[in-house]
Amino acid sequence: MKYLDLNQTIGDSVARYPELARVYMKYGVDFCCGGDRSVGQAINNDTDEGISLIDEAEKAIEFSDSHLIGETRSKISDLSSALLIEHIKRVHHAYLKEELPLLSSLLFKILNVHGINHPELFDIHRLFSRLKADLESHLVKEEVLLFPALIEDNHDICHLIDELEKEHDAAGEALHQLTALTDHFRLPADACKTYQLTYDKLELLVSDMYLHVHAENSILFKRFC
Ligand SMILES: [Fe+2]
Ligand SMILES: [Fe+2]
């Protein structure tokens, strides 16, 4: 093993090598809410699956490294807190503000047309609606209460960080349920284009949320509490 360190936490390994996010997601290794476990605890390297995960992870890092010519890895963990907050707002918050309403109307559309043959869409629609409402108030808490305090270097906000981390856990649980209810976003044989677009967007939402929560829990919040 050339790059992965089994004693490092899963969260730190993604901070060091962001390309691991894709590999961890493929194998269902939670690196945002379960980011404090060590790599060795999260991956059983005695099993075939563990061995192929490690093999893929090493190859992904090696591939990225071989494409860095005369430059160093740019990592979000190297950003100052002010720039990291800017990154989170510009990349992840802007994405959610645009995609959540869109997904909501897409889900309502496919529920109308396909709900009769696919009753799981009722649960998916209800679960998503609750997640959307929770995430919207979560974004406002971060942008209005937390981020300005962090920019002022106020370390007296651990109670708020604690509350936001609990909200991350709840969102992570909802995303796990969405993944299970959609059978890992597998389309039924009678799915139309809108159905496909909705599932593609839901899958992207899950991967974006993983990276978003990772940037907050494992990098930004740790600097203050
Ligand atoms: Fe956020
Ligand atoms: Fe957050």
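Any read-out appearing in this document is the output of simple, stated calculations on the displayed coordinates, not a laboratory observation. Quick caveat: nothing in here was measured; it's all calculated off a predicted structure. A quick note on method: Cβ atoms are made from the backbone with ideal geometry, for glycine too, and the neighbour counts reach across all protein chains shown.
The table below gives the values:
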{"quantity": "Eligible lysines near Lys59 by straight Cα distance, threshold 21 Å, same-chain separation 8 or greater", "calculated": "Lys2, Lys26, Lys75"}
{"quantity": "Ascending count of other beta-carbon atoms within 10 Å, so fewest first, for Phe122, Phe221", "calculated": "Phe122, Phe221"}
{"quantity": "Unmatched cysteines, the chain - criterion: no other Cβ of a Cys under 4.7 angstrom", "calculated": "Cys32, Cys33, Cys192"}
{"quantity": "Prolate/oblate/rounded label for the stretch 10-66 (Cα gyration tensor, a/c 1.5)", "calculated": "oblate"}
{"quantity": "Debye, to nearest 20: dipole size of the chain, +1 on Lys, Arg Cβ, -1 on Asp, Glu Cβ", "calculated": "580 debye"}
{"quantity": "The stretch 108-166: C-alpha pair distances exceeding 17 Å, %", "calculated": "54 percent"}
{"quantity": "From phi via Karplus (6.51, -1.76, 1.60), per-residue ³J(HN,Hα) for the stretch 42-48 in Hz, x at Gly/Pro", "calculated": "7, 10, 8, 7, 9, 9, 4"}
{"quantity": "Cα principal axis extents for the stretch 117-200, largest first, Å", "calculated": "54, 20, 17"}
{"quantity": "Gyration tensor (alpha-carbon) shape descriptor, the stretch 79-223, a/c threshold 1.5", "calculated": "prolate"}
{"quantity": "Ranked list, fewest to most other Cβ atoms within 10 Å of each Cβ, for Glu165, Glu173", "calculated": "Glu173, Glu165"}
{"quantity": "Likely footprinting exposure, Met1, Met209, fewest C-beta neighbours within 10 Å first", "calculated": "Met1, Met209"}
{"quantity": "Projected area averaged over orientations for the stretch 33-136, convex hull of C-alpha atoms, nm²", "calculated": "11.0 nm²"}
{"quantity": "Loop-exposed trypsin sites (Lys or Arg not before Pro) per DSSP, neighbour cap 16 Cβ within 10 angstrom, longest uninterrupted part of the chain", "calculated": "76-185"}
{"quantity": "Distance from the stretch 152-191 to the stretch 31-58 (C-alpha centre basis), Å", "calculated": "21 Å"}
